[in-house]
1. Please report, in cubic angstrom per residue, the volume enclosed by the convex hull of the alpha-carbon atoms of the range 263-332.
2. With a 1.4 Å probe and all protein chains in place, put 155, 435, 697 in order of accessible area, largest first.
3. Have a look at 583, 786, 832 and report the one farthest towards the positive end of the charge dipole of the chain, computed about the Cα centre with Cβ charges (Lys/Arg +1, Asp/Glu -1).
4. Specify which residue in the list 379, 348, 403 is farthest towards the positive end of the charge dipole of the range 346-403, using unit charges on the beta carbon of Lys, Arg (+1) and Asp, Glu (-1), about the Cα centre.
5. Could you give the length gained by full extension between residue 108 and residue 449, i.e. 0.36 nm per residue of separation minus their alpha carbon distance, to one decimal place?
6. How big is the accessible area of residue 160 in square angstrom, nearest 10, if you roll a 1.4 angstrom probe over the protein chains?
7. Compute the Rg to Rh ratio over the range 412-498 from the alpha carbon atoms, using the Kirkwood formula for Rh, and round to two decimal places.
8. Rg to Rh ratio, the chain, alpha-carbon atoms and Kirkwood radius?
Amino acid sequence: MTLNGNRTERLTQSILVFCIFASVGLPVFAVESEVTEEAGAAYFETEIRPLFAKHCYQCHSERASEQEGGLLLDRRTGWMEGGDSGPSVTPHNPDASLLIRAVRYVEADLEMPPVARLPEPDVVRLEQWVRMGAPGPLNNQVVDVDNPSDPVAGKSHWAFQPIAGITPPQVSDPTWPRGAIDRFVLAGLDNAGLKPVEDADSRVLKRRLSFALHGLPPISDFADLATESMSRYVDRLLADPRYGERWGRHWLDLARYADSNGLDENFLFREAWRYRNWVIDATNEDLAFDQFLTMQIAGDLLPYDSIEQRDDQRIASGFLVIGPKVLLGIEAGQQRMDVADEQIDTIGRAVLAQTLGCARCHDHKFDPIPTADYYALAGIFTSTRVMEKRHMLSQQRVMEQLVGLGADGKKLDDAYEKFWREQSELKSRKQHAEKALSLLQDSDAEALAKHIKDHRDAVSPVAIDPANNIEIRIADQEAFLATIKETLANPPKIPPRAMSPVDVDEPTNEAVRLMGQFNDLGDVVPRGFLTVLDDGFGSSIRSDRSGRLELAEWLTARDSPAAHLTARVMANRIWQRLMGRGLVRTVDNFGRTGETPTHPELLDYLASELIQSGWSVKSLVRQIVTSHTFALSSHFDEHNAASDPENEYLWRANRRRLEPEMIRDAMHVAAGRLDNSRYLSTVDYLGDQATAVGANKVRRRTDFPCRSVYLPVIRNDLPEIFEAFDFANPHTTMGDRPKTIVPSQGLFMMNDEMVMDLAQATAQQISNACPTSDTIAQMDLMFTKIVGDEPSESERASVTAFLLSIDAEDAADQSHDANQRALALACQALFASSRFQIIE
């Protein structure tokens, strides 16, 4: 049996690998899990709460003048307990749920809403919500303010408060903190009557740091932390280009990065890689976050001193273009508003952690964002063009906006588009030129005269004139035809281009769309920002500008109230990426339906540090990972867990599973296969449609040996390992990826060809380094290469016994190397184990 054998062999192999897990005592990820609380709450807030607010709350909420049937739908206990007719929802079972039966209109005496049936898409949303377990707002919250969208009253919400000067508190053990962060954490532990656990050992901490900052196992030439100080080790990690590949990916999750449009027509974003690499480079350079953000919102509008700087800024502004867009069957006015809505929602969640999109149809039901504020922002983005007519699939289509790069960028781009725009006409001219040549050669003057009359542009001037010698006319027409053929045979190459927006010629303010309908206009709202965070900052937007530059300044200027929220949100994201959970757990929602900070003073301290450092992300990362809090072990403490089971007070490190990019890259490292080169496009071989549909049979590749950050991200066709292990949804901003542990993940590790191939390559490396007879040395090297640690005695004994048993079993079979086969199976088992996949 070979490692990449047929289906029967692979099934047998899967059973063998599973048996290794059991013999070694390594857990298999095969526990079914529901949708996470955060993901469920997010789905409820974006898809279900607006539906309830529009159709149900007037009769079924605490604020309703008369609560019909005793049913409340503004809290989870309301729909779970139900009203006079009993529970309205049976989690995971739409067919058994009273609510679903009511909205389906299947029973004459049970039809809700009573006025008119819900649109079918809304019914589908409700059914999906019930299948998810009917999640609700976190902590079963109910907003109890009279007018939640009032921006004046809303200023009292914690997220909109200015950052105050914070002094680190006094603590019970002044020798424990290494800095201000630890004093905040230890003070919280003191108040709760808890104590931190012991520190992680050197190997564990080294692995934790390397994955946190590089997304890779520890670099082999780095000294052990026992002989190199942690601060020096951290500095080396931060200075390495692999840092940008890991931390740039964090931002790409927020930027909803993808190499294709997705949705109705999944057209290729052929130039998206330029934005991806710009993010990686800017992250490595530690570009100040305020400038990083400004370049993405308004880079195309910034002044420049060179063509290179202009192009760099244009590439950065691809942030606004790279979102998914519905391309077919949509009116231009609606498309314009939908694109602006997607941009507002992205910036709202990614930068301010606010659900701004909820105010498109009505004043926000929970946060201080009136509809007028939404359309003040909408005017900025509808005054920005991110789409243009370009050649695609043999016709002119409205596609993503592209601009030429380099000194001759516009000229080359115009020539490229002109050729494809006129290609059909040029082909027709070629046919008529061939006809004219034939008539000349046949000396058919009458037919030629008629042909010239109908197709004068297909005949050369010399050939048209009958006064010229016939041989001369034929020769000139042949040359004329040859020129057309050469042009068709040698189309211009795709010039260097970037996805980049441009301001429209005449920016305008937007009218409120009543109930969000693009063609139902209300009052016109001047372009501007959120009233709750304005406080008179800045001046009005000039009539000849979209307002994107002013928006970027409002979000980041030191004196702007919005900048304090921007800093809080980014500081919380940095903490979450390093510690496993944000100080505000709902990292994309700082509104009333989100959670409050577990350590508000620490959050403000981190936000203040971010601003005071000149918006240096690396500086804040360094401060967090060199803290004593980061260096704690993940060991369990029964006393602490009884009081704080979710580790909100940070008495230990949070155990985390590797993300799919880490799993893939670490397997490539173990196999000696990872190419650390900086990649450009990995989708340039694909056709205009990114997925293999219709006549297009080419599918995206995933066999590149590059870092996973460079793999194609085709919306609706992600790499298989991304699908299996909770990759970010590229259709939307996602600050916190799902965290599931399901059987399909274990099955993927047992059956995927890439995993088996890398296990075999790893085994080959081990065989090359250690003699076949030295099973103990092979075992030790396998654990070192894959998990960065020595095996325990029980692991060494169990896996060694397995290797010997496979050797004995295959001793009579000369068709393959028994030791190599056994090593490959053992490597695959270790790849699938918690020792490999979990960061302690």
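1. Enclosed volume per residue, from the Cα hull, is 112 Å³.
2. Values: 155 60, 435 105, 697 165 Å².
Accessible-area ranking of 155, 435, 697, largest first: 697, 435, 155.
3. About the Cα centre, the residue reaching furthest to the positive side is 786.
4. The residue sitting farthest along the positive end of the dipole is 403.
5. In short, 115.0 nm is gained.
6. Residue 160 has an accessible surface of roughly 20 Å² with all protein chains in place.
7. Checking Rg against Rh, the ratio lands at 1.09.
8. 1.03
The values are calculated or read from the model by the stated rules, or taken from the named source; none is laboratory data. Small disclaimer: the values here were computed from a predicted structure and weren't measured. Cβ atoms come from the backbone with ideal geometry, glycine included; neighbour counts cover every protein chain shown. Protein only, heavy atoms only, side chains kept; ligands, DNA and RNA dropped before computing areas. Shrake-Rupley method; radii C 1.70, N 1.55, O 1.52, S 1.80 Å.
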